[in-house]
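Undergrad: I am attaching a structure below and will ask some questions about it afterwards.
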Amino acid sequence: MLRKLIKENKLTNIDINTFNADRIIYKFLEKAYLNCKWNNIEHWLSELAEAAPNGFLDFFEENLSKNEFKTFLNDVNNYHIIWALERLSQIEE
């Protein structure tokens, strides 16, 4: 799934063979955000969060302090983010 998303959205420079799942998801979210591809992946956020909870949460925690990221979150349909967080809350550790 991740290879397909990377290829379809032309999010280059993500080598999924050298990173662990959390790092891959973090870099994937970062590339999607920086390259304005968020609307192409937002419906996959729950699956990405479940696949690598730490990478997913790290991405949002590290970016929430940035004003431009807060503005971005106000401009997107963030219910996908909320659903992903809800799904994470239901996962037993």
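Any read-out appearing in this document is the output of simple, stated calculations on the displayed coordinates, not a laboratory observation. Just so it is clear, the model here is predicted, and its values are computed rather than measured. Here the Cβ is made from the backbone with ideal geometry for all residues, glycine too, and neighbour counts use every protein chain on show.
Undergrad: Work out the length of the dipole vector of the stretch 39-93 about its Cα centre, built from +1 on the beta-carbon of each Lys and Arg and -1 on the beta-carbon of each Asp and Glu, and round it to the nearest 20 debye. Present the calculation step by step, with values, prior to reporting the outcome.
TA: On the way: 3 positive and 11 negative charges, 43 e Å.
Once rounded to the nearest 20, the dipole reads 200 debye.
Undergrad: Taking square-rooted eigenvalues a ≥ b ≥ c of the alpha carbon gyration tensor, is the stretch 21-73 rounded, prolate or oblate, where a/c under 1.5 means rounded and, failing that, a/b exceeding b/c means prolate?
TA: Values: a/c = 1.84, a/b = 1.28, b/c = 1.43.
Oblate shape, in that a/c is at least 1.5 and b/c is the bigger or equal ratio.
Undergrad: With labels modelled as points extended 7 Å from the Cα through the Cβ direction, what inter-label distance (nm, one decimal) is found for PHE60 paired with TYR79?
TA: Going from the PHE60 label point to the TYR79 one covers 1.6 nm.
Undergrad: Which listed residue (LEU73, LEU57, ILE91) has the Cα farthest towards the positive end of the charge dipole for the stretch 19-93, taking +1 on Lys and Arg C-beta and -1 on Asp and Glu C-beta about the Cα centre?
TA: It is LEU73.
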